[in-house]
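Everything on this sheet refers to the single structure shown next.
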Amino acid sequence: MDKFMIDGGERLYGKLTAQSAKNTVLPLLAAAVLTDEQVKIRGVPTINDVENMLHILREVGCKIERQNDVAIIDSSNAVSHEIPARLTKELRSSVFMLGSVLTRFHRAKISYPGGCDIGLRPIDLHLLGLKRLGVKIVEKDGFIDCIAEKLTGAEILLDFPSVGATENIILAGVKAEGTTVIRNAAKEPEIVDLQNFLNAMGGKIRGAGGGTIVIEGVKRLHGVDYRPIGDRIEVGTYLIATASCGGEIEIDGVPPENIAALLHKLRENGCKIHTENDKIVLRSDGRLKSVDLVETMPFPGFPTDMQAQYSALCCTAKGTTLVVENLFETRYRYAAELKRMGADITVRGRTAMIRGVNALHGACVTAGDLRGGAALVVAGLKAEGRSTVLDLSHIDRGYADFEGKLRSLGAKIRRVKI
Ligand code: UD1
């Protein structure tokens, strides 16, 4: 397993362009089996989650062509409704295949999905939604077997605006007979992108971005050539790194409103931020003051996927920050690693109290999940001396060329193959 060696203390200066959003590309890839025409997705990042999703598509019989960052999916010869357990264990987003494979084959069988170990992550809302559309579900021996002779539109009220459940219901509803209405739907920009993508294939979906989504089922979807939105979590990570280390960064490719909650906090921390269309420019002197409270919420609240990286920044901000994680139960495992670098963090359940220290020092730490791993890199860039971040497999799930992009900003970071 590879590791990063980081010599901290450098300020970061430069320009970056966002990769396409991981959390859009994954459901879009799943959606490719909804048509037997060719689906072309541009700007596909080279990250492990995407590679795993492409493996899954190959397993169900799709032909995949990769031309640099373009993925061309031809599912005209797709045959299988079953996703092998070894692949679903690697990737939680394999659960999206339920909605799309069901639509295509009237049956879908997957084992319980894996992904980052950041909490219980049940899929009851996904299954409830599918049942409302007429799907019969049998859960046995760790497998979920879904059968639907016919998918029929229905009204679905989600108890919680789950991103994945909203997406799965859209995928199952887009070709269902009649109209599906999702209330208390997730409002994330990635949902809007899925709507736009499916509508570009001939779907009739409206309302994404708001709490109610209306899907009028269509008989068929056609091929599409599509560029997904930029990755707000990737962009947020580089903004946080620059804010913490000091310097100036210009990032293109994500509308500022998609990460407004983070920008708001960073301004409160003392960063100067200028936005123009899809461009964000952040300047920081590296001496930040803490904000009192950061609470993760569904969009447009502060994203849980930014919580760890932002907490890393709080470690050296002047004052105390209270962080509350409302979405996932065990998303503070990185805190023990940050403590090895000299951070002062107390975690109790969903709350972390972070008292800013004057400086972090280099240490050998281990990445336990994707965003927690990114947080350790952010801390290592700020820390005095050398840090080693072990087990990059998690970070490689979500950041394309993380070290290359950070080096282009002036960071001293290199990957060592073990
Ligand atoms: C997606 C994102 C992930 C992000 C999360 C929250 C993708 C591929 N992943 O994950 O990066 O951290 O949104 O913004 O897009 N829940 C249930 N039952 C369900 C489904 C969810 O109780 O059936 C709960 C979860 O345990 C969690 C909350 O709902 O507490 C939010 O989860 P959800 O929005 O579904 O996250 P994901 O779609 O898994």
Item to check | Members of region 1-57 that are in contact with an Asp or Glu (Cβ under 6 Å, 6 or more places away or on another chain), in a strand (DSSP E or B) and β-branched (V, I, T) | outcome: T17
Checklist entry - For region 159-190, what are the residues that are buried (at least 19 other Cβ atoms within 10 Å of the Cβ), within 9 Å of the ligand (Cβ to nearest atom) and not in a helix (DSSP H, G or I)? => result P161, S162, A186, E188
Checklist outcome for this item: Exactly one of V33, V135 is among the β-branched types (V, I, T), farther than 29 Å from F402 by Cβ and away from the ligand (no atom under 15 Å from the Cβ), and that one is V33
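Test L12 against the criterion of being in the same structural domain as L91 (by TED's automatic domain parsing) and buried (at least 16 other Cβ atoms within 10 Å of the Cβ), and give yes or no.
Working: in the same structural domain as L91 (by TED's automatic domain parsing): no; buried (at least 16 other Cβ atoms within 10 Å of the Cβ): yes.
Judged against the criteria, L12 is not a match.
Listed here are the residues, each with its yes/no results for (1) modelled with pLDDT under 95; (2) under 26 Å from E384 (Cβ atoms).
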position	(1), (2)
A241	no, yes
D278	no, no
E295	no, no
F302	no, no
A308	no, yes
G319	no, yes
T330	yes, no
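Of all residues in region 58-71, which are in contact (Cβ under 8 Å) with a residue 24 or more places away in the chain, more than 22 Å from the chain's Cα centre (by Cα) and outside any loop (DSSP other than H, G, I, E, B)? Please lay out each step first, then the result.
Of the residues in region 58-71, the ones in contact (Cβ under 8 Å) with a residue 24 or more places away in the chain are 59-60, 62, 69-71.
Now drop any that are not more than 22 Å from the chain's Cα centre (by Cα), which leaves 59-60, 62.
Once the filter is applied, which keeps residues that are in contact (Cβ under 8 Å) with a residue 24 or more places away in the chain, more than 22 Å from the chain's Cα centre (by Cα) and outside any loop (DSSP other than H, G, I, E, B), region 58-71 yields only E59.
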Checklist entry - Considering only residues of region 92-112 that are without any contact (Cβ under 8 Å) to a residue 60 or more places away in the chain and hydrophobic (A, V, I, L, M, F, W, C), which is farthest from the ligand (Cβ to nearest atom)? => result F105
Item to check | Tally, over region 281-292, of residues that are in contact with a Ser or Thr (Cβ under 8 Å, 6 or more places away or on another chain) and either loosely packed, with under 12 Cβ neighbours inside 10 Å or not in a strand (DSSP E or B) (or both) | outcome: 5
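Would you say T17 is hydroxyl-bearing (S, T, Y) and either within 13 Å of the ligand (Cβ to nearest atom) or touching a strand residue (DSSP E or B) at 6+ places or on another chain (Cβ under 7 Å) (or both)?
Working: hydroxyl-bearing (S, T, Y): yes; either within 13 Å of the ligand (Cβ to nearest atom) or touching a strand residue (DSSP E or B) at 6+ places or on another chain (Cβ under 7 Å) (or both): yes.
Considered against the rule, which asks whether it is hydroxyl-bearing (S, T, Y) and either within 13 Å of the ligand (Cβ to nearest atom) or touching a strand residue (DSSP E or B) at 6+ places or on another chain (Cβ under 7 Å) (or both), T17 comes out as yes.
Can you tell which of D292, D305 is in contact with a Lys or Arg (Cβ under 6 Å, 6 or more places away or on another chain) and either within 11 Å of the ligand (Cβ to nearest atom) or closer than 18 Å to G270 by Cα (or both)? Steps first, please.
Details: D292 fails: in contact with a Lys or Arg (Cβ under 6 Å, 6 or more places away or on another chain).
The unique qualifying residue is D305.
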Checklist entry - Take the residues of region 308-330 that are in a strand (DSSP E or B) and surrounded by fewer than 23 Cβ atoms within 10 Å (Cβ to Cβ): which is farthest from the ligand (Cβ to nearest atom)? => result K318
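Go through N52, N68, N48 for me and flag whichever is in the same structural domain as I191 (by TED's automatic domain parsing) and out of contact with any helix residue (DSSP H, G or I) (no Cβ under 9 Å at 6 or more places or on another chain).
Being in the same structural domain as I191 (by TED's automatic domain parsing) and out of contact with any helix residue (DSSP H, G or I) (no Cβ under 9 Å at 6 or more places or on another chain) holds for just one of N52, N68, N48, which is N68.
Which of the residues that make up region 274-291 are in contact (Cβ under 8 Å) with a residue 24 or more places away in the chain, in contact with a helix residue (DSSP H, G or I) (Cβ under 9 Å, 6 or more places away or on another chain), on the phi < 0 side of the Ramachandran plot and not hydroxyl-bearing (S, T, Y)? Write out each step before concluding.
We begin by selecting, within region 274-291, every residue in contact (Cβ under 8 Å) with a residue 24 or more places away in the chain; these are 278-291.
Going one step further and asking which of them are in contact with a helix residue (DSSP H, G or I) (Cβ under 9 Å, 6 or more places away or on another chain), we end up with 278-280, 282-284, 286, 288-291.
This time we only want the ones that are on the phi < 0 side of the Ramachandran plot, so: 278-280, 282-284, 288-291.
Correct list: D278, K279, I280, L282, R283, L288, K289, V291.
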Checklist entry - Given (1) more than 19 Å from the chain's Cα centre (by Cα); (2) assigned to a strand (DSSP E or B), where does I251 come up short, assuming only one miss? => result (1)
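Answer yes if at least one residue in region 88-96 is over 30 Å from E250 (Cβ atoms) and surrounded by fewer than 18 Cβ atoms within 10 Å (Cβ to Cβ), and no otherwise.
First, the residues of region 88-96 that are over 30 Å from E250 (Cβ atoms): 88-96.
Filter once more, keeping what is surrounded by fewer than 18 Cβ atoms within 10 Å (Cβ to Cβ): 89.
Yes.
Checking the conditions here, which among T330, T321 is in the same structural domain as Y13 (by TED's automatic domain parsing), touching a residue at least 24 places away in the same chain (Cβ under 8 Å), of a type outside the set (A, V, I, L, M, F, W, C) and over 29 Å from S93 (Cα atoms)?
On the way: T330 fails: over 29 Å from S93 (Cα atoms).
Being in the same structural domain as Y13 (by TED's automatic domain parsing), touching a residue at least 24 places away in the same chain (Cβ under 8 Å), of a type outside the set (A, V, I, L, M, F, W, C) and over 29 Å from S93 (Cα atoms) holds for just one of T330, T321, which is T321.
In the list A78, A85, which residue meets the criterion of being closer than 13 Å to A30 by Cβ, surrounded by fewer than 22 Cβ atoms within 10 Å (Cβ to Cβ) and either away from the ligand (no atom under 13 Å from the Cβ) or modelled with pLDDT under 95 (or both)? Give the steps one after another, and end with the answer.
Numbers: A85 fails: closer than 13 Å to A30 by Cβ.
Result of the check over A78, A85: A78.
The values are calculated or read from the model by the stated rules, or taken from the named source; none is laboratory data. Everything numeric here is computed off the predicted structure, so don't read it as measured data. Cβ: placed from backbone, ideal geometry, glycine included. Neighbour counts: every protein chain shown.
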